[in-house]
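A short write-up of the structure that comes next.
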Amino acid sequence: MVMDVQSINLFQEIKQNNTEAYEKFFKLYYAELVRFAYEYLKDKDAAEDLVQEVFVKLWEKRADIEMKSAPKSYLYVTVKNHCLNKLKSEQRHVLFEDDFADDQRFAVSSASQLSEVKQLSEHIKQAMDKLPPRCGLIFKLSRFEEKSYKEIADILEISVKTVENQMGKALSIMRNDLKHYLQIILFFFICIK
């Protein structure tokens, strides 16, 4: 209880621009707040920096701060919130770095494979052109418009079994025509995941 009264009085003096009260307040809570921040951050230097930042902001905004609880509770909540924000920020930064590294690897790979992908694309188009008209239409509806076999059957007014047979035929023709490009196709699909 004495500690709470002391910290309330110190904080009231800080609001009056009393730097000595601010120093006492800092010394009173600094070490325990660093230990508290360390529990979140697991980095002593980061914990010290964060607590110092909280105290700097406390001094800068001293006139505007309305404490609804004891100063000690206010400090703990503020330090906790700063720790959580720092952890979120670091997590976003790590995710961004991972995404950037992945993008860089893909860009290098895709640049070196660009001519092969263009060549593959042309071969796929040629293989599709070899499909019988109805077979080709069913293949395009399934693979490019992502229609289900049932939807295709309804659109073309044919049975689902006919759609299945035509897709089997289309895939067989495509597989046969593109067997020499299987490695490139696999590489391409692995890279875009």
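The values are calculated or read from the model by the stated rules, or taken from the named source; none is laboratory data. Note that the coordinates shown come from a computational prediction; the quantities given were computed from them, not determined experimentally. Virtual Cβ from ideal backbone geometry, glycine too; neighbours counted across all protein chains shown.
Annotations
- Looking only at the stretch 173-193, and only at residues there that are surrounded by 11 or more Cβ atoms within 10 Å (Cβ to Cβ) and not aliphatic (A, V, I, L, M), the one that is modelled with the lowest pLDDT: CYS191
- If you check LEU41, LEU28, LEU58 for being assigned by TED's automatic domain parsing to the domain that holds LEU87, at pLDDT below 90 and touching a Ser or Thr at 6+ places or on another chain (Cβ under 7 Å), only one passes: LEU28.
- Meets criteria (assigned by TED's automatic domain parsing to the domain that holds LEU10 and either at pLDDT 65 or above or surrounded by 15 or more Cβ atoms within 10 Å (Cβ to Cβ) (or both)) for CYS83: yes
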